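S.K.: Here it is, the structure, as structure tokens.
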Amino acid sequence: MVKCVVAEDEALLRESLLGLLAEVWPELEIVAACEDGGAALEAIAEHQPDLAFLDIRMPGLTGLEVAGALAEASPHTRVVFVTAYDQYAISAFERGAVDYLLKPVARERLQATVERLRQRAPAGADPAQLAALLQQLGKALPAASRQPPLVWLTASSGAETRLIMVDDVAYFQSDSKYTVVMTQQGESLLRKPIRELLDVLDPNIFKQIHRSTIVNLKAIASVARDESGRGIVKLRTRPETLSVSQPFMTLFKNM
């Protein structure tokens, strides 16, 4: 049985790809279907799959960033990128480091990809070759069109509603149906799932360090690695520490 993780943030495209995979490769075992890059990276680290189908554009970590962390998180995992940017990607992908699928994914194209994957040796791409490809793609792909980053938000603290400047937030942490907003003054609750915040926060300042945690880089005092390989973040304005899950440490070192 070949294990596989699928990561695609658009629900309809994700379900379509899962359905097509079930048709053309029925013996493939889908161990996780993820809607953002952070969840994908943690699923890959947990399951150590043979394959990962990664959307290049996802909230939080992009497919390129997830692939860049695989040398440490799951080195034998082979990558297939899913992309809409054919004019930028085809020449790079056809060098052979990884395979690719264009959106919307056609059954015939997926069938050809599956046949190539079956014929190749079950090993991940050469790390140096993959790193060169990721660097090339990072320069070639057009910048994602984003709205201006969030500047302020409203969150509840007991019966009180607070207006909080985003720069004052030390970190966000998911809590059931809510997201905890932590500042120097204390904790408030935001009625928005943490995944939605990844689309509106400035990615140069706020980084996901765990599936459930986004930290303000300006609020970090130091980072250390414990015996298990996880990171421990100390904050400038808060006494508690934050955990960086092990798969995210490779990314965190490059921040």
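Here, each number is a calculation from the coordinates, and none is a lab measurement. Values in this document were obtained by computation on a predicted structure and should not be read as measured data. Neighbour counts are summed over all protein chains in view; Cβ atoms, including those assigned to glycine, are modelled from backbone coordinates with ideal geometry.
S.K.: Ranked highest first by average number of other Cβ atoms within 10 Å, how do 69-81, 163-175 line up?
M.R.: 69-81, 163-175
S.K.: Moving to a separate point now. What residues qualify as long-range amide H neighbours of Asp202, i.e. H under 5 Å apart, gap of 5 or more or another chain, H built at 1.01 Å from N?
M.R.: Excluding prolines and chain starts, which carry no amide H, the hits are Leu150.
S.K.: Test of understanding: what is the full-extension gain from Ala159 to Arg118, defined as 0.36 nm times their sequence separation minus their Cα-Cα distance? Don't skip to the end; give the middle numbers.
M.R.: Working: separation 41, 0.36 × 41 = 14.76 nm, distance 5.87 nm.
Length gained between Ala159 and Arg118: 8.9 nm.
S.K.: Follow-up. Work out the P(r) tail for the chain: percent of alpha carbon pairs separated by more than 34 Å, whole number.
M.R.: Details: 6919 of 32385 pairs.
Pairs farther apart than 34 Å: 21 percent.
S.K.: While we're looking at this one, here's another question. Could you tally up the Lys pairs in the chain with alpha carbons closer than 25 Å? Skip any pair fewer than 8 positions apart unless they're on separate chains.
M.R.: Value for the chain: 14.
S.K.: Can you give the percent of C-alpha pairs in the stretch 152-253 whose distance is more than 17 Å?
M.R.: Summing the P(r) of the stretch 152-253 above 17 Å gives 49 percent of all pairs.
S.K.: Kindly state, to the nearest 0.05, the FRET efficiency for Lys177 paired with Ala106, given R0 = 41 Å and r defined as their beta-carbon distance.
M.R.: Once rounded, the FRET efficiency stands at 0.60.
S.K.: What is the angle, in °, between the Cα long axis of helix 11-24 and the longest principal axis of the Cα atoms in the chain? Nearest 10 is fine, range 0 to 90.
M.R.: Between the helix axis and the principal axis of the chain, the angle is about 30 degrees.
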